[in-house]
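One structure is given below, encoded as structure tokens.
The values are calculated or read from the model by the stated rules, or taken from the named source; none is laboratory data. The model shown is predicted, which means the values in this text are computed figures rather than measured ones. Cβ coordinates were reconstructed from backbone atoms using ideal geometry, including for glycine residues, and neighbour counts include every protein chain displayed.
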Amino acid sequence: MNSSRNIVWSFLLLVIIAALYRIIPGRPFGFAPQWAMAVFAGAVIKDKKWAFILPVLSMFISDLLYQALYMGGISDMRGFYEGQWQNYLLFTLLVLVGMAINKINVIQVGIASLVAPTLYFLVSNFLVWSGNGSTRGLDRPKNFNGLMACYADGIPFYKMSLLATVIFSAVLFGTYLFARSYQAVGRELRS
């Protein structure tokens, strides 16, 4: 089994674990590994279709679980809602952030870990503000002050997503680099 296939299988396992983690009751809202997974997938997975599919799949699985819990009366958080397709589309942008990593090192991963949730925060809150109806845009006025109010609404979520992306990126990329160096040592010993 080649290294790329091993990464995809490992990532599938990670998708399931991350999806389950995202629905843990009491988890700080926004503190989830999906942003880091998108950056990691873009940087590491050579088959780009899988790089895009796997992080979105993790979100979709957790949204299915949220919906099941909501329908069962266990959670008040819906899994599916108006405009949700935009979140999935935004996750593809985060994969592109990962693809911009030229060399996996602390500086590039650190920058990508800050850029990804910031990009998500800016674009998603703009989309929420520009949406119509009370479920999207929170009835904020369609002017500069309304946009700023919408961004202010999202700051707690942004802080948690920023922290989560930095921490989970350190775990994902650190584990990946450790596994790569471990494989290299194993090859040298076998030679």
Quick one: count up the residues across segment 70-96 that are at pLDDT 90 or above and either farther than 14 Å from Ser124 by Cβ or not in a helix (DSSP H, G or I) (or both). 6
Contact list please: Cβ distance under 8 Å, first residue in segment 4-15 and within 18 Å of Gly42 (Cβ to Cβ), second residue among the small types (Gly, Ala, Ser) and modelled with pLDDT of 75 or more, pairs at least six apart or on different chains. Phe11/Ala41; Leu14/Ser58; Val15/Ser58
Hey, among Ser161, Ser134, Ser191, Ser181, which residue is among the hydroxyl-bearing types (Ser, Thr, Tyr), at pLDDT below 95 and closer than 18 Å to Gln84 by Cβ? Ser134
Pairs where the first residue, in segment 125-141, is within 13 Å of Gly154 (Cβ to Cβ) and the second is at pLDDT 85 or above and charged (D, E, K, R), C-beta under 7 Å, 6+ apart: Leu138/Asp153
